[in-house]
Amino acid sequence: MFDDYFFRLYGSIQRSKWLVAVLAAAIIIAAVIGLKSISFDNNIELMLPGNDEVYRSIRFLRESNLSDKVILSLGLTSSEYTTKNLIDAVKKLKESLGPPLVTDVISGISENNLVEEMLELLKYAPQLIDKQNLLLIEKQINPSGVKESLQNNYRQFLTPASTLIIPFIRSDPLGIYSNILRSLQKIYSSVGYEVTVENGYFISKDRKHAMLILDTPVNLTDGFGSRKLISYLNDRLNILPDFITADIIAGHLHTVSNEDVIKRDIRLTLIIASAAFILLFILVFRDFGAIIIFLIPLVSVIVSINISNLILNKLSYFIIGMGAVIAGIAVDYGIHVYTAVRIGDSGQEAVNSIVKPLIIGALTTISVFASFFFSSVQGYHQLAFFSILSIILCLACSLFILPHFIIKGKYNRLKHTVKKYGEHLNQSPLKEPKTHDKFIVLCWAIFMITALILSKQISFNSEISQFDGSEIEIIKAEQKFQSIWVNKTNPAVFVVQGKSLEEALNVNEKIYREAKTVVGEDNFSSLAAIWPSKQTRKANVDRWKEFWKQGKEEKLRELITTYGSDYNFSENAFSPFFDNLYTGTVVEDEPEKIKLYKKLKERFVMEKDDRIQVMSFFPDEDKYVNAMATISGNYPETFLVSRKALSSLLSKSVSSEIILLSGIAAIMIFLLTCLLLKDIKMTALALIPVITGITAVMGTIPFFDLSLNAPSLIAAMVVSGLCIDYGIFMVYTCRRSLKTGTRMAVTLSAITTLIGAGVLLFANHPVLFSIGATIVSGVLFGYIASIIVIPSFYRLWLKNTN
Amino acid sequence: MQRALILLILFLFIPANYCYAETSGIKTHKNLAPDLYEVLHRLEDKTSEIRTLKTEFVQEKELAVFKKKIILKGMIFLQKPELFAWHIIEPLSYSMVIKGDILSQWDENTKKIQKISLSKNPAFQIAISQMKDWFSGKYTSMTEDYNIIILKRNPVSLKFIPKKNTIVSNVIESVTVIFRDDERYIHQIYIKEKSSNSTLLTFVNTQLNTPLEAAAWEVQPRVR
């Protein structure tokens, strides 16, 4: 039945082979033109497991205010120049930056308004001081408390810095606002930058570096926009004098660099692979027609990219990076067909003799990729679709188009080669076992044990950063930036969501109260510490009024007058405090006049669509993260983002994901092999290259001090799909005693795959490199096992049954 | 401690994302009137020879918070490039020593030594850097923050008026500096604050480039 359909289709294509060729040429041209309109996606989310918590955390980190900012770190290169020279240059640079790519430049704090702003904020003390703090104030309103405060004030007035602090002391003689100020200090120190301010500019502790923080409308995932922004900044940086260096610290740089690295890798791998393929065919086949074998997978991949793009809308760069590997796999079908037709007497019969193992081989490989559809990683779905499509196209072209264009000349180089060496290589496996068979099996067993022992040292790397293939200069610049400016690790973030700011602030307050008990007040930086909800502020104001109007105001005035004269204080020395006692008692939604509040809001509040997110920060340590996670569990409108927890969550998700996919792929490979060979022993033999290849991968990775990661595990599954093909072909050949040059074809298949994957070892991108390392080690040992170990096992184990 | 906290707060907005940037252009000594440039340059040349400074001082503070003028007496030590000491002997014992980035202070009330990092305490940093600039004679560099007027040429008397949008412009109206006859050092500094406060600092028994004893850099009680 199958043979009938195959022959009919084969025959009809043979009759109109030139029409098919023209049609194929038209499709190829359209596909090549179509490549220009392909949109690639660099979004890391595509490669992450579909776990809500992972998505939410990654999205939050990406959308948070800080991630879109660009930082310019500028440094003096010579000790001949001073901080003033640096500031002058930064001023000029700042003035040169502007829209549309840079919407705001933050160079520091202009100190000129700072004192006024601080004093303005302190006027809101009636709204900010709670019941507990009022009790502390009450304890100070007595002779000894006032005397001690006045003594402190007197001493402060005599210090060289008194000029700047006089207004503060006059506004707060008892230091009762100190908690507000302490909270502010904590809030700002939680950022983790080690910065001083000089002439209103951010200056590093060593006074040799300055920092500019830029706001840009360019989204991190916008590759084109990022490129434009980086080019604009590099152009602007040219105005800096020679004694100043500049480092750009921005996620955009990673976007651009990753694109460049992947593009360069793809270009390099394609060039090396193409050259190697062509050279191989010309040297082995000595037939220019053999180039068609190489062209088929290339064309299949190009057509698949177009179709995938049409259906999936956008393609990930990682998936396209797999193009060379897919070409390496898919070229196998052409090799088998070509070898069979050239060696066999009739093209049609030769193709017919290998069509079944070829289709089953393709099906097992497809089954591996099909298992990726069970994954929750969107990128894997793309990979599966793209790979399966490429393989089907390549198989169809190899079976139905390629044989009609293979010209049999008088002198057949391939036939000659196979005849010359094939009698030795392709000797009948049914002969009596040879002495070296046992030796081969023993060596194989030793190799497997060694690889298994080595595999015990294997480690799994789930860090998201491994997907970042940015150039080393960018990483170095960031390390330099960290050493100059950063004194802490990134904190974990607790996020409260609400429909309105008031709603979010209400919950935020409750969280703050609980967090203080489990994490500690000093460890939890929250807006609630300085700016509570309107409801709470109203209650504070009522309490404040009641407190002072109970005669405490008069009492304090009296005490200050009585004991102030001991220190020579004038009567109106502290009048600003009494004058402003009730100034801040009008409760507004937000204190629009206070610029400090704006600053706080920008750091702690994020508006997203129709939601408000209020953030709090705490150390990213397991004990705190666990404690806060318990609190978050009681408040559905909250979640927390911890980079450490995210890493562990990712590790768990990826591990379970891979275990599931590997299980599905293993079952599918086994079932399909059983289905074809209809013999459990033969199936076991066919699986030898798979087991050998995977064990080799597990042993090789730690041997070369590499670690396993998600892409390399996926590559290991591809290795299984390839090795089972070798196994099936070898077992099929052993059983049927085929004279179709199977060993030669399998050898060429392995070589082409090794070339396709081997070129990835030249890739700079870590993901592509790990894929290359896995496939090369797996396929190499899988191939050796299929060519050497299977025949020995066959002779030792199955000779009597045959 | 509460005050130290206030001072710390002054730099808290370091990581904040707003900026009220200065818009004034950069002026260098090249923009100065030739005679002023000549005077500043001459003074700077003379003071640049100073390696060490040891001087007594009398500081008269007229502050609105006090009923009467307060008179402080003490010693100042300076050793370029980074040692500075300010010791008050009267009316209370107070010592402040700066070694690089670290400011140490002691007073007779608390009897405790407090150490502060200047880089983490910009209020002090600003005040100290202003003081050091005055005492070290870096006058041309001050032209960025001040407009300078020559009040008198013999002995030289200069008036420094803070430019708008500088931190000192918030609190200081003007600073008048009167030099010694030999112009090698300052005789008096008069600081007039916006809030009608004023401070007059007079230097007495000034010794230039003499070896300074190690005790100068120790925060400890001074003999009255």
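The values are calculated or read from the model by the stated rules, or taken from the named source; none is laboratory data. Fair warning: this is a prediction, and the values are worked out from it, not measured in the lab. Neighbour counts run over all protein chains shown; Cβ positions are idealised from the backbone, glycine included. For accessibility, only protein heavy atoms count, side chains too; no ligands or nucleic acids. Shrake-Rupley method; radii C 1.70, N 1.55, O 1.52, S 1.80 Å.
Name the one entry in A:Phe569, A:Phe547, A:Phe577 that is out of contact with any helix residue (DSSP H, G or I) (no Cβ under 6 Å at 6 or more places or on another chain), within 27 Å of A:Asn152 (Cα to Cα) and among the aromatic types (Phe, Trp, Tyr). If you could, list the steps in order and put the result at the bottom.
Values: A:Phe547 fails: out of contact with any helix residue (DSSP H, G or I) (no Cβ under 6 Å at 6 or more places or on another chain); A:Phe577 fails: out of contact with any helix residue (DSSP H, G or I) (no Cβ under 6 Å at 6 or more places or on another chain).
Going through A:Phe569, A:Phe547, A:Phe577 in turn, the sole match is A:Phe569.
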Exercise. Go through the residues of the range A:162-178 one by one and say whether even a single one is of a type in the set (Phe, Trp, Tyr) and either facing chain B (nearest Cβ under 8 Å) or touching an Asp or Glu at 6+ places or on another chain (Cβ under 6 Å) (or both).
Key: yes
Exercise. Output the residue which, of all residues in the range B:159-188 that are in a loop (DSSP other than H, G, I, E, B) and in contact with an Asp or Glu (Cβ under 7 Å, 6 or more places away or on another chain), is nearest to B:Glu144 (Cα to Cα).
Key: B:Lys163
Self-check item: Unmet criterion (only one of (1) at pLDDT 85 or above; (2) within 22 Å of A:Gly323 (Cβ to Cβ); (3) open to solvent by less than 70 Å² (accessible area, probe 1.4 Å)) for A:Val70
Solution: (2)
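Would you point out the residue of the range A:119-154, among those that are open to solvent by 50 Å² or more (accessible area, probe 1.4 Å) and aliphatic (A, V, I, L, M), that is farthest from A:Ile166 (Cα to Cα)?
This residue is A:Leu135.
It is to be established whether one or more residues within the range B:145-160 are within 12 Å of chain A (Cβ to nearest Cβ) and at pLDDT below 85.
Looking for residues that are within 12 Å of chain A (Cβ to nearest Cβ) and at pLDDT below 85, one finds at least one in the range B:145-160, hence yes.
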Self-check item: Identity of the residue in the range A:177-204, hydroxyl-bearing (Ser, Thr, Tyr) and modelled with pLDDT under 70, that ends up farthest from A:Asp130 (Cα to Cα)
Solution: A:Tyr193
Self-check item: Condition met for A:Leu761 (of a type in the set (A, V, I, L, M), open to solvent by less than 20 Å² (accessible area, probe 1.4 Å) and either in contact with a helix residue (DSSP H, G or I) (Cβ under 9 Å, 6 or more places away or on another chain) or over 23 Å from A:Ala384 (Cα atoms) (or both))
Solution: no
Quiz item: Scanning for something at pLDDT below 80, touching a Ser or Thr at 6+ places or on another chain (Cβ under 6 Å) and open to solvent by 40 Å² or more (accessible area, probe 1.4 Å), does the range A:221-235 turn up at least one residue?
Solution: no
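Table: residues versus (1) closer than 23 Å to A:Lys131 by Cβ; (2) at pLDDT 90 or above; (3) in contact with a Ser or Thr (Cβ under 9 Å, 6 or more places away or on another chain); (4) not aliphatic (A, V, I, L, M).
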{"residue": "A:Trp444", "(1), (2), (3), (4)": "no, yes, yes, yes"}
{"residue": "A:Ile458", "(1), (2), (3), (4)": "no, no, yes, no"}
{"residue": "A:Ile511", "(1), (2), (3), (4)": "yes, yes, yes, no"}
{"residue": "A:Thr536", "(1), (2), (3), (4)": "yes, yes, no, yes"}
{"residue": "A:Asn540", "(1), (2), (3), (4)": "yes, yes, no, yes"}
Quiz item: Can you tell me which residues in the range A:580-614 are away from chain B (no Cβ under 14 Å) and either among the hydrophobic types (A, V, I, L, M, F, W, C) or assigned to a helix (DSSP H, G or I) (or both)?
Solution: A:Leu581, A:Thr583, A:Gly584, A:Thr585, A:Val586, A:Val587, A:Ile612, A:Val614
Self-check item: Condition met for A:Leu676 (assigned to a helix (DSSP H, G or I), under 21 Å from A:Asp52 (Cβ atoms) and modelled with pLDDT under 80)
Solution: no
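Okay, residues lined up against (1) at pLDDT below 75; (2) open to solvent by 80 Å² or more (accessible area, probe 1.4 Å); (3) touching a Pro at 6+ places or on another chain (Cβ under 9 Å):
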| position | (1), (2), (3) |
| --- | --- |
| A:Asn461 | yes, no, no |
| A:Ala477 | no, no, no |
| A:Val486 | yes, no, no |
| A:Thr489 | yes, yes, yes |
| A:Lys499 | no, yes, no |
Quiz item: Which of the residues spanning the range B:143-162 are surrounded by fewer than 17 Cβ atoms within 10 Å (Cβ to Cβ) and touching a helix residue (DSSP H, G or I) at 6+ places or on another chain (Cβ under 7 Å)?
Solution: B:Ile150
Quiz prompt | Which numbered condition A:Leu685 fails, given (1) at negative phi; (2) open to solvent by 40 Å² or more (accessible area, probe 1.4 Å) | solution = (2)
Quiz item: Within the range A:688-717, how many residues turn out to be open to solvent by 60 Å² or more (accessible area, probe 1.4 Å) and assigned to a helix (DSSP H, G or I)?
Solution: 3
Exercise. Say whether the condition of being within 11 Å of chain A (Cβ to nearest Cβ) and assigned to a loop (DSSP other than H, G, I, E, B) is met by at least one residue in the range B:111-122.
Key: yes
Exercise. Would you be able to tell me the number of residues in the range A:481-514 that are closer than 30 Å to A:Thr196 by Cβ and assigned to a helix (DSSP H, G or I)?
Key: 6
Quiz item: Residues in the range A:86-121 that are within 44 Å of the chain's Cα centre (by Cα), more than 8 Å from every other protein chain (Cβ to nearest Cβ) and modelled with pLDDT under 85: how many?
Solution: 2
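For the range A:517-560, how many residues meet the condition of being at positive phi and in contact with a Phe, Trp or Tyr (Cβ under 9 Å, 6 or more places away or on another chain)?
The total comes to 1.
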Quiz item: Among the residues of the range A:733-741, is there at least one that is open to solvent by less than 30 Å² (accessible area, probe 1.4 Å), farther than 19 Å from A:Ile775 by Cβ and in a helix (DSSP H, G or I)?
Solution: yes
Exercise. Answer yes if at least one residue in the range B:5-18 is more than 18 Å from B:Gln188 (Cα to Cα), at pLDDT below 60 and among the polar types (S, T, N, Q), and no otherwise.
Key: yes
Exercise. Inspect the range A:149-156 for any residue being over 30 Å from A:Tyr201 (Cβ atoms), part of a helix (DSSP H, G or I), in contact (Cβ under 8 Å) with a residue 40 or more places away in the chain and more than 10 Å from chain B (Cβ to nearest Cβ) and give the result as yes or no.
Key: yes
Quiz item: Taking the range A:615-642, which residues are open to solvent by less than 20 Å² (accessible area, probe 1.4 Å) and assigned to a loop (DSSP other than H, G, I, E, B)?
Solution: A:Asp620, A:Ser642
Practice problem: Considering (1) more than 23 Å from A:Asp130 (Cα to Cα); (2) exposed (fewer than 14 other Cβ atoms within 10 Å of the Cβ), say which one A:Gln550 fails and leave the rest. | Solution: (1)
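Where residues in the range A:194-220 are open to solvent by 40 Å² or more (accessible area, probe 1.4 Å) and within 26 Å of the chain's Cα centre (by Cα), which of them is farthest from A:Asp88 (Cα to Cα)? Quick ask: steps written out before the conclusion?
Step one: filter the range A:194-220 for residues open to solvent by 40 Å² or more (accessible area, probe 1.4 Å), giving A:194, A:199, A:205-208, A:217, A:219.
Next cut, within 26 Å of the chain's Cα centre (by Cα) only: A:217, A:219.
On the way: A:Pro217: 27, A:Asn219: 30 Å.
Per the stated criteria, the residue is A:Asn219.
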Quiz item: In this structure, does A:Ile249 turn out to be closer than 30 Å to A:Thr77 by Cβ, within 14 Å of chain B (Cβ to nearest Cβ) and open to solvent by less than 30 Å² (accessible area, probe 1.4 Å)?
Solution: no
Exercise. Name every residue in the range A:515-533 that is part of a loop (DSSP other than H, G, I, E, B), under 23 Å from A:Ile594 (Cβ atoms) and small (Gly, Ala, Ser), in order of residue number.
Key: A:Ser526, A:Ser533
Quiz prompt | helices (runs of 4 or more DSSP H) contained entirely in the range A:317-395, each with at least 2 residues that are over 30 Å from A:Val256 (Cα atoms), modelled with pLDDT under 80 and of a type outside the set (D, E, K, R) | solution = A:323-343, A:347-371
